[in-house]
Structure formats: structure tokens, C-alpha cells
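Accompanying notes for the structure given below.
The values are calculated or read from the model by the stated rules, or taken from the named source; none is laboratory data. All values derive from a computational prediction rather than experimental measurement. In this analysis, Cβ positions are derived from the backbone assuming ideal geometry, glycine residues included, and neighbour counts consider all displayed protein chains. Only protein heavy atoms, including side chains, enter the accessible area calculation; ligands, DNA and RNA are left aside. Shrake-Rupley method; radii C 1.70, N 1.55, O 1.52, S 1.80 Å.
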Amino acid sequence: MSDPTRHLPPKLQDAARIEVEHHLAELVDRLIHEGMDPAAARREAERRFGSPQRYRSALERTARRRMLRASLGTMFLDGFGGAVRTVRRSPAFAAAVILTLGLGIGANATMFGIVDRLLLRPPEHVRDHERVMRILVKRPSLRRGITRSATMTFPDYQDFRSQQTFHAVAGYNGPSQQTFGRGAGATRIQVMQATNTLFSLLGVAPTLGRFYGADEDRIGAPATAVLSTEFWRRSFGADPDVLGRVIEVAGDAYRIVGVAPAGFTGVDLAPVDVWLPLVTSQGMIAGTEWHDSRGYYWMKAVARLTDGVSTEAAASEATALHRAGRLGDRYSYPPDADIELDPLILARGPAAPPESRVARWLGGVSLIVLLIACANVANLLLASGARRRREVAVRLALGVTRGRLVAQMVVESVLLALAGGGVALLIAAAGGRLVRTVFLPGVAFRDGLGGRAVGFTLVIAGLAGFVAGLGPAIQGTRDALASDLTAGSRGSMRRSRARPLLTILQASLSVVLLVGAGLFVRSVARVRALDLGLDVDRLVFVGLEFEKALTFGWEPGLPPDPSAIQLRNDLYGEAMRRVQGAPGVLSVAATVAPFGWALGSSVTVPGMDSIPQLAGGGPYYQDVTSGYARTVGLHVLRGRDLTDADDAGSDPVALISETMARTLWPDADPVGRTFQAGSPSGSALNPPWTVVGVVEDAVRDGIGDEPFMAFYRPYAQRATRPLQGMYLRTEPGRAEEVAAAVAPILRSLDPRVRYATVRPLRQIIDPQARSWTLGATMFTIFGVLALIVAAVGLYSVLAFDVAQRTRELGIRTALGAAKGRLLGAILGEGFALAGFGVALGLVIAIAVAPYVRDLLFEVSPRDPVVLTSVAAVLVVTALLASSLPALRATRVDPVVALRAD
Amino acid sequence: VADTPLLVVQGTLELLVLKALSAIGQAHGFGILDFIRKVTDEQLLIEEGALYPALHRMEERGWLASYWGVSEKGRRAKYYALTRSGEKALAREVSRWTAYVDAVARIAPEVGR
């Protein structure tokens, strides 16, 4: 049988009919040939065939099923085959596609793990989290309009316990660092104090043993503790016999009654080692004053709403209860304080921490990076599509439908993108770990990528492949004319308008990202350059933790116990002597209020009715040992420093801060003036202090302190408060080394010292700049990534263009066009594309800028330095990316070019 | 040689089609039946309409490939050919059939090979 000419298949619904008709027709022919008359032949044929109707419907059913399967299957197989062919035929092209998408998707996969933890998922083990609300107090404030605070007093918390619209309410405090064990083997652990109601409110079940109950969470109850699974594994080797054992936390003994499930961190995300009953443990740590005091702000609270109750109804009942509870101190407390109920997922509420807001931006930014990557891949695919035009035209002529070709090409790019997704997972695994440990150490992440991240990555990869592939596939199969079949590669290839547009888009998005990077980098630089009034890089902070007998005497509200204070100060004195001569240590000084502390004092000045209130509160005081200013690097701007001669026997003297000088004596020299601190009386405790010097402002609580007044007095003249910490001034660059060397000395100083915190001050301050460093680092990485991808895109457009125009360029060279002209033409094209991109990008950046204002530090979101330098970077990059194709254009050999096909 | 044609035993049709296609390469349904008719001297009676569900079933299993073409008489027809897995299926069917005949032959040696 001869090979018949191939034909397009008929439509699915006709195929079976046509096939049967063909059979009958052939049969009739034969019967007629055998001598039957046509009518009889037809009857006989139908009889022999059997019921055509019956067969036809059976045939159609199988046909439809098969076609569906076949079209999906072949589409995938063709796509897969195409992908494999692409990898084989042009590995560089495939690698470019896979890598570009891998980087773009990798950026997203990395950010997804973080955004997912901060923004999308509730803390682990919380049942029905939408009904759990954080309780915040909104108070009108003279200085800042409205302040929103989650911190409250214990009686405030008690008020909510009778609330009808709350199904349950729970209080907690922490996690705070506490000493675990004692002596040289002591370590610091993260301790969370929580009411017994927290566990049932959240709906969590213990892994081992039980949680403490209501009768174990009251003052004087036998002390119990619950371990986290992580701490149980780390410190007890996951020993199931741990129940009933007694551990020492912050100097007190607690009996272990249970182990919380893995990953459980309560309502916040910070890792917890040990859970202690809030009331019981606070009674042991801090006495009982907090229990009834509405002036002792220390804890936070959450509530689960009663079923069917709206957040608004619950908030209004809570507000009523709060105001009623505060009736007693209506003179000191704003009567119109409101209760706000915020979502459990902190990042979704108005009190979102800066890290999570930065993370949200970075999530968006990573999408832009992916968009740029997609644009680049689309660009590459368009270029390869132009090269494959002939192949496409042939296949269309052979009867392959256009839809099928498009589908196959899209499947091919989706498969390449999925390979990119594999690369992305590797990037996310490494990048995610880095970002978590460096920028978000206070958040408990689960190990590894997790199914959600992998799923997200693959979905994003598929989408990216689809988005990048669809346009070029449609473009590549459009207008495939017969001329493409005959024209050969020298034929009239139309120049795509899509590719320059994609390049402009890439350039503009890179500009936006780089502007973002620049703004954050400037913020970090500003933060770093802040004059904190302390030589942060050269100081080591030392804080001693004493045994119980030495801590209770000075608790707020309790009368100071002079003998306990004396003992503590003696131990500080001993510590100072021990480290004084240590290698790398230049000087040592101690204070009653180190970094992070605030000791306020009322100040009266002769001749002034009252002193102005500043936004940062205060005035704050520090009583310091001799040489303090020199040790911490506090510059004396006027007058003199405190000296050893300023002792108990001499006149009371003080240093005041620049702000205090400016506020109290704006027009006069403050040196020699006097003021009184505390109650305005002439008693021995409150002598008038004479100002002997003015020092620069120093940081008190961290970056972004509002202005406040501060003064410094010689400890020798007023030893009524215990010393709380000391600073070691080290030789430049030796802070970490000194800290490591003196820590063991200080920790084994004396049995009455339970623990010594020894940390370079830089380590204490840096976390405060974390949101800016996070933004700066990630924006820079993403921005540079985008820039590289865009540069490659620009390069490929120009290089492709030059290759396409080889003949034209050859002719122009042959006709005597100057090389410089050709060079200029190609470079000009590159600059034009980059220029449009820069202009568009700057417009977008300027439009978006106001939204990031809050995230920056003392940098205008339209900072001209950033905008101009980014534009310059783009122009230089465009020059570099264009120069290679431009040089190639000038080297076109006219003879070769004209012969080439 | 019997006087009346034999009805094709259930399950044999596929073997016949595979064998026919392996012999002639490619053919439309009528061509396949025509070949079987000629080779068997019209001794096998195949209900012609039953051929097509069988063809489509085999195509669905991947034993046959098909395409549309125009026959010698200028009619539009669907052509079938064996695929690689069709060739394997043929070998399997043949050995199954041989085993069957062998088994029958043990009881009735006169069936013989």
C-alpha cells in the first residue's frame, strides 16, 4: 500500500463518522465491483458493518477521552522535549534562563520564609488565632498626641478578668534573660513569665507532664516551671525523667512539671527556654509591691473573645473596665484612656515592629526582582524566538496548530523555570538562614525550608515561567509568513518593539530598587555616625547580678537598705580593681544608671517657677565614679570634669548635659549656677548642686531618643543608690577580646555574684539599628541583582541587534561609514534605553518614596544624593553593557558580513 | 476447510489487526480487514463495525499510531501503523495464542501445530 499524503485531522466530533463512512464507501465499491447494483450494495454493506450508530457512539467516547489525554500529554512531552533540546542545543541560553529565574525566585523564596513567619502565620500552636487579641492601652499624651502601649500594671490586668466579652484573659512578661544555675557553671536563659491561663487560652497541650494550674500561680505558691522542648533537648538531653526535678532560675528554685511542645513561643515569636507562673515567680523575683500598684508597668496581656462577640464590643467593654479601675488615680492618669484590641499577628496591627514592616517591603521588592528576571527571560526568549522563526514556520506549514505550538513553548519555559525553582530553593535555604540569624535573631524560626516555602517556590516558578514564556511564544508564532521559509537567516527580520520596552522596564525597576538600597544605606550611615556621647566601639559594659539578699533592699518602694547597698558597691569596687590592669583595658568607671536605665529627678532652679518638660522625659541623673566622662568618651564642652577631689568632704558639684544647659540657661553661662534635685529643700540629701561643667548629650535608651536633660554627680558625694553597671574603656578594636578575657574573672568574683553580664557596648546597641541594616543589606542585594540582570538584558538586546544587522553594518562599513559613527550609533541606542529607564525609574521612586519615610533614619525619601548617584550608576552600567556590542559592530568585516547567511 | 466462515474468537481480533499491520506497514480500517480477508481466504468472519472500537482501543493503549490521509480512491481516511509498543504487544499476543493452542493440543492432539 502506497504512502498516502498526510492530511490535517478532521474535527474531533466528525472523525468517527468520517472513518465509518470511508469504510462503508470502500465496501460498497467492492460489492458493486463484484456485480451488485448500487442500492443493494449499500444495504449489504450496512448489514455487514453492523449498527453504525452503536459503533459510532462508542468510538466517539474513546476518541474524546483519548484526545484530551493526548493533547495534555503531548503538550507536556513536546514541552519537555523542547526544554531538553534547548538545554542541549544552547546550554548557555538555558543556563541564563535558569540562573536568572533562579535568582529572582530565590529572592522571593528567601523572603517568603520570613514574611510567612512574621506576617502570614500566627505563632505556633495557637488555636483559632483570629479570636485572640492583644490588649493595648491608648493614652493621650501631651508630647506625642497618642501613645499606644501594651505594657500595663497587674491591677490593670486584673480589671479585665471580670470582662464578659472576653472568654479568657492571660498575662505575660518576657522573655527576659535570667541566670540559670549559679556560680561558674551559670548560664543565661530566656524566661517567660505567664499566667496559668495563657496555655488554655491559646489552646496548647504539653508534650510531657502538664502546665501549671491556677493554684500554682499565686503569691507564695510552690514554685513550678515548664520547659520548652528546645531547652529540654538542649540542656536535659530530652530526658523524660526531668519532671519533678528542681532548677534554679534567677536565684530561686522551681520544680519542673511539664514540657511545652516544640516551637511554642506563646503569643510572641521570640524563643523561650523556661515558662514560669507569672504571679508566683514575680513574687519571688520582685517582692509584692507590683501586685497592687498601678504605677508598676511591667506586663502585657492577651484575651480570647467570647464566641459571637465583635472586637469593637469587646474593646468598648474593656475601655469601660479600664477607666473604672483607674478612677482612683484620676489626677495622675488620663481619664480618656482607651483600650485597643490588636491582632495576634503583631505585624498586621498598628503596633507592627519595624523589622516586620521592612520585611513586608522586602517581600514586595523581591517580587520586583522576579519581575525583572521574568522580563529578562522574556527578552531572551524573544531573541531565541526570532532565531527559531524558520522552524516555527515549517511546523505551522506542516499542520501543527498555532495554539499547540504556543502551548508547547510555554510548557518549555515553565519547565526551565521549574529548574530555576530548584536553584531558588538552594538560595533560599542558605539565604534564609543568614537573614534569620543576622537580622531576626529574636524570632524562633523552624529549621529548614518547610513545605509551605517549597510549595510557594514551585508555584512562583511555574507562574514566572508562564508569564515570561507566554508573550514570546505568541510573538514567535505570529505572522509566520511563507517568506520566513524561503528568506533564510538573512531575511527581513522585523525588529521587535517588545524587547526595548522590556529593557526600559528592567532599568527603571532597577533604579527603584537601588534608590531604596541607597536610602537604607544612608540611614545606616546616619545611625552609625550618630554621636551617641559614648564611644560605643571602645566600651565593654559590665553588669553584676547579686544574690537575693543583696537585691531586695533597693526594690522600688522599699526603703533602701544601706548595708546591702554598701555590700553591692564593695563588690563593684572589687570588680573594678580586678579588671583595672587587664590587658587592653585603659580605664574603668561605674554608674547608678548605665545604658538603658532611666533615673528621673525633679529639678528646681532658683528664680524659675518650673522647668520645661522635654519630649524625652527626665531630667535624668547618673551618679558616677571618678573618671566616668573620660572613660565613656563624654566630651566636656565647657568648664571642667569631675575629679577625685569632688568627694564627700567638698562642695556638691555636677556636670549637666548640653540640652539641660540650653534649656535652663539659654542665654547665660551655666557654669557656677546651682540647681536642686528631688524635693526642693535644703536638707543634707538635697543640697544645691553647683554646675562645674557642660558635657555633650549622650544616648540613654538607644537610637532615636527624644531630647532630654541629664546631669551627672560624683558618686562619692551621694552614695544613696546602688551602682548598676560599669564600663571598661578598651584600646581601639579590642572590645570583644577584652570582654571575652574579663568575663570569667568577673563571673567567679565572689559567691554573692550570681552572674556577670559582660558585653561590648556595640553588641548592645546594634540590634537597635537592625531594621535599617536589614533594609540596607537586602535592598542592596536585591538592587545589585536587579542591576546585573538589567545590564545583561541591555547587553543581550544590543548584541542581538548587532548580530541581526551584521549585513547592514557590513554594507555601511563598505560604503565607508566611519567606525566612530557606528560605535556612536550602538552606544547611543544603549544610552537611550537606559535613559528612558532611569527617567521612568526616578519618577516611580519619587512617587513611592513617601511610603518608606517611617522606615528611614534621618534621611529624606527623596534624598538627592541617592537619586543622582543611582542615576550615575545606571548610566555607567549602560555604558559598560553597550560597549561590547558597539565594539563588535565596528569590527564587522564587510566581506564576511555580505557572504554570511 | 469449513464451508461456513468462522466467527472470530473473542480477543483474537487484536492479534489479527496487529499481525496485519506488522505485515503491511500502514493501512486504514478497510485495508486491514481486506488484508485479513485475503490472507485467510475469507475463512474468518469479522463483524466489520467491531473493528473500529478495537482499533481505537489499541491506539489509546499506544499500540497503534494514526494519522489522516487520502486513500488511493481519493477518499479521506484514517491510517494506522504499529508503534514500538504495538510490536511488543504483537509478540505478547502471539505467545499467548501459542500457549493457548498448545494447551488445547494436549487434550486434542489432532489440533496440532
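Just to confirm the number: angle between the C-alpha axis of helix B:51-61 and the first principal axis of chain B, 0 to 90 degrees, nearest 10?
Computed tilt is about 80 degrees.
What distance in nm separates the simple spin-label points at A:LEU879 and A:ARG640, each placed 7 Å from Cα in the Cβ direction?
So the two model labels end up 6.0 nm from each other.
Modelled label-to-label distance, B:ARG106 and A:ALA184, 7 Å Cα→beta-carbon offset: nm?
8.8 nm
With a 1.4 Å probe and all protein chains kept in place, how do A:LYS138, A:LYS819 rank by accessible area, largest first?
Values: A:LYS138 55, A:LYS819 115 Å².
Reading off the accessible areas and sorting them downward yields A:LYS819, A:LYS138.
Taking amide H positions as placed in the peptide plane 1.01 Å from N, state which residues far from A:GLU124 in sequence (5 or more) or on other chains have amide H under 5 Å from it.
A:THR265
Per residue, how much accessible surface does the range A:312-419 expose to a 1.4 Å probe? Answer in Å², no decimals. List each step's numbers first, then the result.
Numbers: 4520 Å² over 108 residues.
It amounts to 42 Å² per residue over the range A:312-419.
Short version: ³J(HN,Hα) in whole Hz for each residue of the range B:95-101, in order, from phi by Karplus 6.51 cos²θ - 1.76 cosθ + 1.60 (θ = phi - 60°), x for Gly and Pro, what are they?
Here the 3J(HN,Hα) series is 5, 5, 5, 4, 4, 5, 4 Hz.
Summing +1 for each Lys or Arg and -1 for each Asp or Glu, what net charge is found among the other residues whose Cβ lies under 9 Å from the Cβ of A:ALA262?
Working: positive: A:ARG233, A:ARG446; negative: A:GLU124, A:GLU230.
Once positives and negatives cancel, what remains is 0.
Residue by residue through the range A:627-636, what is 3J(HN,Hα) from phi via Karplus (6.51 cos²θ - 1.76 cosθ + 1.60, θ = phi - 60°)? Round to whole Hz and write x for glycine and proline.
Result, ordered by residue: x, 4, 4, 5, 5, 7, x, 8, 7, 7 Hz.
Could you work out [θ]222 nm for chain A from helices alone, using -39500 (n - 2.57) per DSSP H run of at least four and dividing by all its residues? Round to the nearest 500 deg cm²/dmol.
On the way: 26 runs with 447 residues, N = 901.
Computed mean residue ellipticity for chain A: -16500 deg cm²/dmol.
Any idea of A:GLU216's accessible area? Nearest 10 Å², probe 1.4 Å.
In the full protein context, A:GLU216 sits at about 20 Å².
May I ask you to give the percent of accessible area on chain A that is carbon plus sulfur, with a probe radius of 1.4 Å?
Working: 23770 of 40160 Å².
Here carbon and sulfur together make up 59 percent of the probe-accessible area.
What does the accessible area of A:GLU574 come to, in Å² to the nearest 10, when a probe of 1.4 Å is used?
Using a 1.4 Å probe on the heavy atoms, I get roughly 60 Å².
Relative to the first principal axis of the alpha-carbon coordinates of chain A, what is the inclination of helix A:52-89, with its axis defined by its Cα atoms, in degrees from 0 to 90 and to the nearest 10?
The two axes meet at around 60 degrees.
Once amide H atoms are built 1.01 Å from N in the peptide plane, which residues 5 or more positions from A:ALA168, or in another chain, come under 5 Å H to H?
Amide H neighbours of A:ALA168, under 5 Å, 5+ apart: A:ARG304.
For the range A:609-673, what is the accessible area per residue in Å² when the probe is 1.4 Å?
On the way: 3120 Å² over 65 residues.
Spelled out: the 1.4 Å probe surface of the range A:609-673, per residue, equals 48 Å².
Leaving ligands, DNA and RNA out of it, work out the accessible area of A:MET36 with a 1.4 Å probe and give it in Å² to the nearest 10.
Here the residue's solvent-accessible area equals roughly 70 Å².
May I ask what percent, to the nearest 5, of DSSP beta bridges between residues of chain A are antiparallel? Present the calculation step by step, with values, prior to reporting the outcome.
On the way: 66 of 85 bridges.
Of the beta bridges lying entirely in chain A, close to 80 percent run antiparallel.
Using the Karplus curve 6.51 cos²θ - 1.76 cosθ + 1.60 with θ = phi - 60°, work out ³J(HN,Hα) for each residue of the range A:296-304 in order, rounded to whole Hz, and write x for Gly and Pro.
Running phi through 6.51 cos²θ - 1.76 cosθ + 1.60 with θ = phi - 60° gives 10, 8, 8, 10, 10, 9, 10, 9, 9 Hz.
Near A:VAL274, within a Cβ-to-Cβ distance under 14 Å, what is the net charge of the other residues, with Lys and Arg +1 and Asp and Glu -1?
So the surrounding residues net to +1.
Relative to the first principal axis of the alpha-carbon coordinates of chain A, what is the inclination of helix A:819-848, with its axis defined by its Cα atoms, in degrees from 0 to 90 and to the nearest 10?
Taking Cα atoms only, the helix is inclined about 50 degrees.
Which value results for Rg/Rh of the range A:598-676 when Rg is the Cα radius of gyration and Rh the Kirkwood radius based on the inverse mean 1/r? Before the final figure, lay out each step's value.
Values: Rg = 13.2 Å, Rh = 14.0 Å.
With Rh from the inverse mean 1/r over Cα pairs, Rg/Rh is 0.94.
Please list, in chain and number order, the residues 5+ apart from A:TYR755 or on another chain whose amide H is under 5 Å from its amide H, with Hs placed from the backbone.
HN-HN under 5 Å from A:TYR755: A:GLU545.
Kindly identify the range A:678-795 as rounded, prolate or oblate by the Cα gyration tensor criterion: order the square roots of the eigenvalues as a ≥ b ≥ c, call it rounded if a/c is under 1.5, otherwise compare a/b with b/c, prolate if a/b is larger, else oblate. Walk me through the numbers on the way to the answer.
Details: a/c = 3.67, a/b = 1.84, b/c = 2.00.
It is oblate, given that a/c is not under 1.5 and a/b is not larger than b/c.
Could you order B:SER95, A:SER508 so the one with the most accessible surface comes first? Probe is 1.4 Å.
In descending accessible area the options line up as B:SER95, A:SER508.
Using only helices, what value at 222 nm comes out for chain B when you add -39,500 (n - 2.57) per DSSP H run of length 4 or more and divide by the total residues, to the nearest 500 deg cm²/dmol?
Rounded to the nearest 500, the figure is -17000 deg cm²/dmol.
Which shape class, rounded, prolate or oblate, goes with the range B:2-97 when its Cα gyration tensor gives a ≥ b ≥ c as root eigenvalues, a/c under 1.5 marks rounded, and past that a/b bigger than b/c marks prolate? Mind dumping the intermediate values first?
Values: a/c = 1.84, a/b = 1.13, b/c = 1.62.
Oblate shape, in that a/c is at least 1.5 and b/c is the bigger or equal ratio.
What is the sum of charges, Lys and Arg at +1 and Asp and Glu at -1, for the other residues whose Cβ falls under 9 Å from the Cβ of A:TYR755? Don't skip to the answer; put the middle values down first.
Numbers: positive: A:ARG182, A:ARG188, A:ARG747, A:ARG754; negative: A:GLU545.
Local net charge: +3.
For the A and B pair, go ahead and give the buried accessible area with a 1.4 Å probe, both sides summed, in Å² to 100.
Details: alone 41760 and 7780 Å², together 46400 Å².
Buried surface at the A/B interface: approximately 3100 Å².
Sort A:ARG478, A:ARG326 by accessible area with a 1.4 Å probe, largest first.
A:ARG478, A:ARG326
Just name one of A:THR591, A:TYR715, A:GLY516: the one whose Cα is farthest towards the positive end of the charge dipole of the protein assembly as shown (beta-carbon charges, Lys/Arg +1, Asp/Glu -1).
It is A:GLY516, whose Cα lies furthest towards the positive end.
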